Amino acid sequence: MKSNEYVLNRIKVLLQEQGKSYQDLSNDTGISKSLIGHMLSGERVMKPERLIAIAKALGTEVKDLVKGNETNEPLEVVFRGELTNRQSKRAFEAVLFAIEDYVTMKQVD
């Protein structure tokens, strides 16, 4: 399974476990319901700030969404878009930090 698929599936599982709909997630994140549907179907790429907002709405951390399954396959997450302001740059740096932290921890195991 590709890592983007893993992240999307992980979000869907958390939604199901919490009994939340796409509309609930939309209300909690401020992202339109249709965009959430497109992102979770893989039709649109998820921007870092949206991934952070979704993680917060689901009561988890980004690193928990992007942590790979227990196989030894490399994790690859693809982001598309521009970092146009300080807030988006900080959000992206937070995502990178979480990923690097996870990779470092996996290497120690």
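Within region 2-40, track down each residue that is polar (S, T, N, Q), farther than 22 Å from Ala94 by Cα and either in contact with a Gly (Cβ under 8 Å, 6 or more places away or on another chain) or in contact (Cβ under 8 Å) with a residue 24 or more places away in the chain (or both). The one that is polar (S, T, N, Q), farther than 22 Å from Ala94 by Cα and either in contact with a Gly (Cβ under 8 Å, 6 or more places away or on another chain) or in contact (Cβ under 8 Å) with a residue 24 or more places away in the chain (or both): Gln18. The requirement of being at pLDDT 80 or above and among the charged types (D, E, K, R) is fulfilled nowhere in region 65-85; no residue meets it. Report yes if Asp24 is surrounded by 13 or more Cβ atoms within 10 Å (Cβ to Cβ), part of a helix (DSSP H, G or I), modelled with pLDDT of 90 or more and not basic (Lys, Arg), otherwise no. So Asp24 fits the description; yes.
Within region 36-51, the set of residues being part of a helix (DSSP H, G or I) and either within 19 Å of Leu83 (Cα to Cα) or at pLDDT below 90 (or both) comprises Met39, Pro48, Glu49, Arg50, Leu51.
The values are calculated or read from the model by the stated rules, or taken from the named source; none is laboratory data. If you're wondering where the values come from, they're calculated on a predicted model, not measured in any experiment. We place every Cβ from the backbone using ideal geometry, glycine too, and count neighbours over all the protein chains shown.
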